[in-house]
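The values are calculated or read from the model by the stated rules, or taken from the named source; none is laboratory data. All values reported here derive from a predicted model rather than from experimental measurement. With ideal geometry, Cβ positions are generated from the backbone for all residues, glycine too; neighbour counts draw on all protein chains shown. Surface areas here come from the heavy atoms of the whole protein model, side chains and all, with no ligands, DNA or RNA. Shrake-Rupley method; radii C 1.70, N 1.55, O 1.52, S 1.80 Å.
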Amino acid sequence: MSRRGHVGHRVRRKSTHAWALCGLLLAETAAACPATAATLTVFCSSSGTELSLCHHAVQSWMEKTGHEVRVIALPSDWGTVLPLYRQLLSAHHPVADVLILDSTWVGALAPLLMDIPPTDDDAATLPPPFQVEGRHVALPWYRDIGLLFYRRDLLERYHLPVPTHWNDLERTATLIQNAEYQRGHPVWGYVWQGRTSESLVCNALEWDGAENPVGTDGTVRTSLPGLQRALERAAHWIGTVSPPGVLNYDEENARGIFQSGHAVFMRNWVYAWTLANSPDSPVSGKIGVAPLPHDAQNAPSGIDGTVYLGIPRNTAHPAEALSLLHYLTSETAERNQALAGGYIPARTSLLDDPEIRSAIPILNTIRPALASLGLRPVAQTGIDYPRVSWIMANQFKDALRSTHPAWQTLTSLVSSLKQLAMLGQWTLSNSTIERHAP
């Protein structure tokens, strides 16, 4: 979710709702404990479909176990959830028992999350349980990935293939954009997410999937020539094949342009497929989806947007919460999510289920992308990832606006990350969990 830097189904609202919810829950819990100790609390997305599926799965578990569960919808502004979680999970009184977790939050919240005992079932999911310093702290709930959406009808009109390299995309977008303008139907070639946010981090790392500024061991790379070329190329798109306003776009802004029929290509998450093919969509039935393009030397690599579930360390019901967590991530629950909501299962066996393949027709097309995921440096930077993401987003934005040359912004990026790595001891194996425990 900020898959999910991505916002997916989420609409931004003011953060005051988050703090109001926080205060209400803290006050309610403090006043009611221990009278409500037998009732579990689950935090789920406020998205209509996702919230409905969460209610359905929780209801099934309650019927099986006899326990009570209340479902709390999170604020729709996903950017306010991490600080909200930090406050709730650090509270003296337990407030929640199971949490929905964007993959970018897990490292930052790991000190506040309960250890999940490994099981034989862990090998059945991809990605596997999220580990921080050897601890399993979250289980995958469903998967997501950055994808290329395209106007199939326009590619067919001009007898052009789906581009598989970024330079091909630029050429194809330019050709169709110019041709459609001559026909009196102006369109933009490519829309994506350029707002200074997690979404921009995802886009930039997808432009050159081989050069994540932070290595898997936490080491900061000092030379990033591929990423430099990628940023220079993307800067050239702005005002040519991409609207000047793309630097302020999030997922929904990009989807609005594409779904209204005013763009040839779009980078977005899986959720956009269903919406773009809804009955009231001007491009319904006219679009296709494919893995994102790549450079000649790299494989396609959409950023992983897996959504996880975890348990707070201060839960009052660890055994019951673990039981509920395992049910929510079970084959039964994931299968229902896929059939009813089009969510990609984390359980690999379900990817070949005939009913699920019928319910998610793009699954066959995106399977190569699911096998070649790009990862943000979440696990290796731990509690520092929000700061890492903020630094990367701002430096990438400077390069795209041509405020400074790409090489200069990347030099500044490397310097900032090295300082943060030294303070955070990313490359050391000593435990940071105990130092940050509530």
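Based on this model, can you work out whether Leu154 counts as more than 15 Å from the chain's Cα centre (by Cα), closer than 18 Å to Leu74 by Cβ and in contact (Cβ under 8 Å) with a residue 40 or more places away in the chain? Steps first, please.
Working: more than 15 Å from the chain's Cα centre (by Cα): yes; closer than 18 Å to Leu74 by Cβ: no; in contact (Cβ under 8 Å) with a residue 40 or more places away in the chain: yes.
For Leu154, the condition - more than 15 Å from the chain's Cα centre (by Cα), closer than 18 Å to Leu74 by Cβ and in contact (Cβ under 8 Å) with a residue 40 or more places away in the chain - is not met.
Ala272: of a type in the set (Gly, Ala, Ser), under 18 Å from the mean Cα position of the chain (by Cα) and either outside any loop (DSSP other than H, G, I, E, B) or on the phi < 0 side of the Ramachandran plot (or both), yes or no? Give the steps one after another, and end with the answer.
On the way: of a type in the set (Gly, Ala, Ser): yes; under 18 Å from the mean Cα position of the chain (by Cα): yes; either outside any loop (DSSP other than H, G, I, E, B) or on the phi < 0 side of the Ramachandran plot (or both): yes.
Yes.
Taking segment 317-348 as the search range and keeping residues that are within 21 Å of the chain's Cα centre (by Cα) and β-branched (Val, Ile, Thr), which one is farthest from Ser60 (Cα to Cα)?
Checking each candidate, the answer is Thr348.
Rundown of residues vs (1) closer than 25 Å to Glu198 by Cα; (2) part of a loop (DSSP other than H, G, I, E, B); (3) open to solvent by less than 40 Å² (accessible area, probe 1.4 Å), yes/no style:
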position	(1), (2), (3)
Tyr150	yes, no, yes
Leu154	no, no, yes
His159	no, yes, no
Asn178	no, no, no
His185	no, yes, no
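Could you grab me the full set of residues in segment 161-176 that are in a helix (DSSP H, G or I) and of a type in the set (A, V, I, L, M)? Lay out the reasoning, then the answer.
Of all residues in segment 161-176, those in a helix (DSSP H, G or I) come to 166-176.
Once the filter is applied, which keeps residues that are in a helix (DSSP H, G or I) and of a type in the set (A, V, I, L, M), segment 161-176 yields Leu169, Ala173, Leu175, Ile176.
Which ones in segment 73-124 are open to solvent by 30 Å² or more (accessible area, probe 1.4 Å), touching a Lys or Arg at 6+ places or on another chain (Cβ under 7 Å) and acidic (Asp, Glu)?
Asp115
Which is part of a helix (DSSP H, G or I), over 30 Å from Ser90 (Cα atoms) and either out of contact with any Phe, Trp or Tyr (no Cβ under 8 Å at 6 or more places or on another chain) or open to solvent by 10 Å² or more (accessible area, probe 1.4 Å) (or both), of Ala321, Ala340? If you could, list the steps in order and put the result at the bottom.
Numbers: Ala321 fails: over 30 Å from Ser90 (Cα atoms).
Answer to the selection: Ala340.
Can you find, within segment 383-415, the residue that is surrounded by the fewest Cβ atoms within 10 Å (Cβ to Cβ) among those that are small (Gly, Ala, Ser) and part of a helix (DSSP H, G or I)? Break it down stepwise before answering.
The first filter runs over segment 383-415 and keeps only residues small (Gly, Ala, Ser), leaving 389, 393, 399, 402, 406, 412, 415.
Those still in the list that are part of a helix (DSSP H, G or I) too: 389, 393, 399, 406, 412, 415.
Numbers: Ser389: 23, Ala393: 20, Ala399: 25, Ala406: 23, Ser412: 16, Ser415: 12.
Restricting to residues being small (Gly, Ala, Ser) and part of a helix (DSSP H, G or I), the top hit is Ser415.
Every residue in segment 238-261 that is assigned to a loop (DSSP other than H, G, I, E, B) and under 20 Å from Trp78 (Cβ atoms), please.
Step one: filter segment 238-261 for residues assigned to a loop (DSSP other than H, G, I, E, B), giving 239-241, 243, 249-250, 260-261.
Across segment 238-261, the qualifying residues are Tyr249, Asp250.
Filtering segment 100-141 down to residues that are hydroxyl-bearing (Ser, Thr, Tyr) and not in a loop (DSSP other than H, G, I, E, B), which residue is nearest to Gly218 (Cα to Cα)? Outline the logic, then answer.
Step one: of segment 100-141, the residues hydroxyl-bearing (Ser, Thr, Tyr) are 103-104, 119, 125.
Checking the rest, the ones that are also not in a loop (DSSP other than H, G, I, E, B) come to 103-104, 125.
Details: Ser103: 17, Thr104: 16, Thr125: 25 Å.
Only one residue fits best here, namely Thr104.
List pairs: first in segment 69-94 and closer than 19 Å to Glu252 by Cα and among the polar types (S, T, N, Q), second open to solvent by 40 Å² or more (accessible area, probe 1.4 Å) and outside any strand (DSSP E or B), Cβ under 7 Å, 6+ apart or cross-chain?
Cβ pairs passing all conditions: Ser76/Val11; Ser76/Arg13; Ser76/Ser46; Thr80/Ser15.
Take segment 304-318 and flag every residue that is over 23 Å from Arg347 (Cα atoms) and crowded, with 22+ Cβ neighbours inside 10 Å.
First pass over segment 304-318, keeping only residues over 23 Å from Arg347 (Cα atoms): 312-318.
Residues satisfying the conditions are Pro312, Thr315.
Cβ-Cβ below 6 Å, separation at least six or inter-chain, first residue in segment 353-373 and under 11 Å from Val270 (Cβ atoms) and in a helix (DSSP H, G or I), second open to solvent by 10 Å² or more (accessible area, probe 1.4 Å) and at pLDDT below 90: which pairs?
Note: pairs meeting the criteria are Ala369/Pro300.
Sort through Pro163, Pro127 and tell me the only one that's touching a residue at least 24 places away in the same chain (Cβ under 8 Å), closer than 25 Å to His294 by Cβ and open to solvent by less than 10 Å² (accessible area, probe 1.4 Å).
Details: Pro127 fails: open to solvent by less than 10 Å² (accessible area, probe 1.4 Å).
Residue meeting the stated conditions: Pro163.
Name the one entry in Arg143, Arg195 that is among the charged types (D, E, K, R), closer than 30 Å to Thr104 by Cβ, surrounded by 15 or more Cβ atoms within 10 Å (Cβ to Cβ) and touching an Asp or Glu at 6+ places or on another chain (Cβ under 7 Å). Before the answer, list the steps.
Details: Arg143 fails: touching an Asp or Glu at 6+ places or on another chain (Cβ under 7 Å).
Checking each option against the conditions leaves just Arg195.
Residue by residue through segment 275-306, note down the ones that are of a type in the set (A, V, I, L, M), part of a loop (DSSP other than H, G, I, E, B) and within 18 Å of the chain's Cα centre (by Cα).
Within segment 275-306, the first condition is being of a type in the set (A, V, I, L, M), and the residues that meet it are 275-276, 283, 287, 289-290, 292, 296, 299, 303.
Pick out the ones that are also part of a loop (DSSP other than H, G, I, E, B) and you get 283, 292, 296, 299.
If the condition is that a residue be of a type in the set (A, V, I, L, M), part of a loop (DSSP other than H, G, I, E, B) and within 18 Å of the chain's Cα centre (by Cα), then Leu292 is the only one that fits.
When the residues of segment 207-240 are narrowed to those that are open to solvent by 10 Å² or more (accessible area, probe 1.4 Å) and of a type in the set (D, E, K, R), which ends up nearest to the chain's Cα centre (by Cα)?
Result: Glu211.
With respect to Val264, determine if the residue is in a strand (DSSP E or B) and either touching a Gly at 6+ places or on another chain (Cβ under 7 Å) or farther than 18 Å from Leu147 by Cα (or both).
Numbers: in a strand (DSSP E or B): yes; either touching a Gly at 6+ places or on another chain (Cβ under 7 Å) or farther than 18 Å from Leu147 by Cα (or both): yes.
Spelling it out, Val264 is indeed in a strand (DSSP E or B) and either touching a Gly at 6+ places or on another chain (Cβ under 7 Å) or farther than 18 Å from Leu147 by Cα (or both).
For segment 130-140, which positions are aliphatic (A, V, I, L, M) and either in contact with a helix residue (DSSP H, G or I) (Cβ under 6 Å, 6 or more places away or on another chain) or open to solvent by 30 Å² or more (accessible area, probe 1.4 Å) (or both)?
Step one: filter segment 130-140 for residues aliphatic (A, V, I, L, M), giving 132, 137-139.
Selection gives Val132, Val137, Ala138.
Which of the residues belonging to segment 388-429 are in contact (Cβ under 8 Å) with a residue 40 or more places away in the chain and of a type in the set (Gly, Ala, Ser)?
If the condition is that a residue be in contact (Cβ under 8 Å) with a residue 40 or more places away in the chain and of a type in the set (Gly, Ala, Ser), then Ser389, Ala393, Ala399, Ser402, Ala406, Ala421, Gly424, Ser429 are the ones that fit.
Please verify whether Ser46 is small (Gly, Ala, Ser), open to solvent by 30 Å² or more (accessible area, probe 1.4 Å), at pLDDT 50 or above and assigned to a helix (DSSP H, G or I), treating the condition exactly as stated.
Here the answer is no, as Ser46 does not meet what is asked.
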